[in-house]
1. Considering only residues that are within 17 Å of the chain's Cα centre (by Cα) and not in a helix (DSSP H, G or I), look in the range A:1-54 and name the one that is nearest to A:Val111 (Cα to Cα).
2. Which of the residues belonging to the range A:158-167 are at the interface with another protein chain (Cβ under 8 Å from one of its Cβ atoms) and under 19 Å from B:Leu12 (Cβ atoms)?
3. Being more than 13 Å from A:Asn67 (Cβ to Cβ), facing chain B (nearest Cβ under 9 Å) and touching a helix residue (DSSP H, G or I) at 6+ places or on another chain (Cβ under 7 Å) is the filter here; which residues of the range A:116-136 pass it?
4. For the structure I just gave you, tell me whether A:Ser135 is more than 16 Å from B:Ser45 (Cα to Cα) and open to solvent by 40 Å² or more (accessible area, probe 1.4 Å).
5. Of the residues that make up the range A:18-26, is at least one surrounded by fewer than 18 Cβ atoms within 10 Å (Cβ to Cβ) and more than 18 Å from A:Ala116 (Cβ to Cβ)?
Amino acid sequence: MPDGHVPTWEEVARDHGRFLYTVAFRLTGNEDDAQDLVQEVLLRVRRGLVTYQPGSMEGWLSRITTNAFLDEVRRRRRRPVVALPGDPDYVVPPGPSAEEALAATTLPADVQAALAALPDDYRAAVVLCDVVGLSYEEIAATLSIPTGTVRSRIHRGRAQLRKALNR
Amino acid sequence: MTSHLGDALSALVDGHLGPAEAASARAHVAECSDCAAELEAITASRSWLRDLPAVEPPRGFYDRMLARHRRRIPFGVAAIAAGAAASLMLASLTTPPHHVQPTLTPLVQDHVASASLVDDPIAQMTPVVVPSSAPTTTVVSRR
């Protein structure tokens, strides 16, 4: 892809479809929401709502995807269907039972489940770091937060994930 | 023993500490079992996440989506048209025909906003400036 060429959504789908779907799935945690998110990303690309910055195409797509994901998270927070962390009536979900914990392995499905259980902000930082491979500075720019906050969210996200998968 | 390293441990494994900071962090981990355990934990998490496989979209997913949206008129236009059509339908159900006029206004405005007069012979015959019988502005003489 030459620098300065603004990709069409067809090019994005053809050349980066699997990458885009992977990021969307890791962020949302299920097929339906991943498909909605991918669709939203391609519509943003198509409508020219996102400025293409020459450089890593996957970095650019990750930024659009993460921002679209967090926009949707915020939209749902305004009209929550279930209580969320921070709400007075939020009940901490029960951890795995002893039997479940014994059976736990680090299969990708288990890692995915633990990832899905992270708070959205932690998950976004962890996915951008460990799934996409962006630097702390790139993640800070993507999420519009200080680098120190990125570092803290990544660390807490990993620590919680380890706890969730602990045997 | 100084305070625990906390999120500096993630920065350490990600290579985001400077050489001096990294050396100091490693020295701390060698002495502190809590930080050593935490380093082991987050290193494990990091590897599991990085080893996650790519996820294949369902077969034909992109083709179907692109085809579906190519046929679709732009979202904004669709929303305006749908709204106008809905209010028109409502009006025709609830009011006599001579009261339909006000609900047509948005439709007409939408049409005027998008219609081109360039190829319209009637429009070309219409004078651009219509002389008015009374002045609409007051000319203030300069001092």
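1. A:Gly29
2. Correct list: A:Arg158, A:Ala159, A:Leu161, A:Arg162.
3. A:Val126, A:Cys129, A:Asp130, A:Val131, A:Tyr136
4. On the way: more than 16 Å from B:Ser45 (Cα to Cα): yes; open to solvent by 40 Å² or more (accessible area, probe 1.4 Å): no.
Taking the combined requirement at face value, the residue does not satisfy it.
5. Of all residues in the range A:18-26, those surrounded by fewer than 18 Cβ atoms within 10 Å (Cβ to Cβ) come to A:18.
Going one step further and asking which of them are more than 18 Å from A:Ala116 (Cβ to Cβ), we end up with A:18.
Within the range A:18-26 (the criterion being surrounded by fewer than 18 Cβ atoms within 10 Å (Cβ to Cβ) and more than 18 Å from A:Ala116 (Cβ to Cβ)), the answer is yes, since at least one residue qualifies.
Condition check ((1) touching a Ser or Thr at 6+ places or on another chain (Cβ under 7 Å); (2) open to solvent by 80 Å² or more (accessible area, probe 1.4 Å); (3) at pLDDT 55 or above) across all residues:
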site: A:Ala68; (1), (2), (3): no, no, yes
site: A:Arg77; (1), (2), (3): no, yes, yes
site: A:Tyr90; (1), (2), (3): no, no, no
site: A:Gly95; (1), (2), (3): no, no, no
site: A:Ala113; (1), (2), (3): no, no, yes
site: A:Leu118; (1), (2), (3): no, no, yes
site: A:Leu128; (1), (2), (3): yes, no, yes
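The values are calculated or read from the model by the stated rules, or taken from the named source; none is laboratory data. Every value quoted in this text rests on a predicted model; they were computed, and no experiment measured them. When we count neighbours, we look across all protein chains shown, and the Cβ atoms used for this are built from the backbone with ideal geometry, even at glycine. Each accessible area value is taken on the protein alone, full model and side chains, heavy atoms only, with ligands, DNA and RNA left out. Shrake-Rupley method; radii C 1.70, N 1.55, O 1.52, S 1.80 Å.
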